[in-house]
Amino acid sequence: MPACRASRTSRKWADEQIGGVDTTHYRGQLEKPPTGVDSGPFDIWVGKDDGYVRRVQFSTTYKSKPQSNITMDLSDFGKDVTVTVPSAAETADATTLNIPGLGG
């Protein structure tokens, strides 16, 4: 939500249901996108009763690459989770990768 609140372009868009939860849908435009990224629109859906972010969606266009569209749905807040650590063979060190827009 900080990006939504900090954006002068963010506006209430509609009331919608996400995963059976009543939400308020906000839409805005990134004002200071990362270097190498053209500003893209973003959408955030916030639960009306609990204030939790239920969905985040944004699009970016890299100056020399195709467009990227990302949607994340969030649910089951407060529920216990089980995490299994992957083996070393299932992981990779991405800190040395040059990924535009992600600090690379």
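If the segment from Thr91 to Glu16 were pulled out straight at 0.36 nm per residue, it would be longer than the present Cα-Cα gap by 23.2 nm.
Extending 7 Å from Cα along the Cβ direction at Gln29 and again at Asp80 yields two label points whose distance is 4.8 nm. Quote the FRET efficiency, to the nearest 0.05, computed for Thr9 versus Asn69 with a Förster distance R0 of 25 Å and r equal to the Cβ-Cβ distance. After rounding, the FRET efficiency stands at 0.85. The amide H of Tyr62, built 1.01 Å from its N in the peptide plane, has Asp38, Ser68 as neighbours under 5 Å, considering only residues 5 or more places off or on other chains.
We did not get these values from a lab; they are worked out from the coordinates using the rules stated. What you are looking at is a predicted structure, and each value in this text was computed from that prediction instead of being measured. FYI the Cβ positions are ideal-geometry reconstructions off the backbone, even for glycines, and counts take in every protein chain you see.
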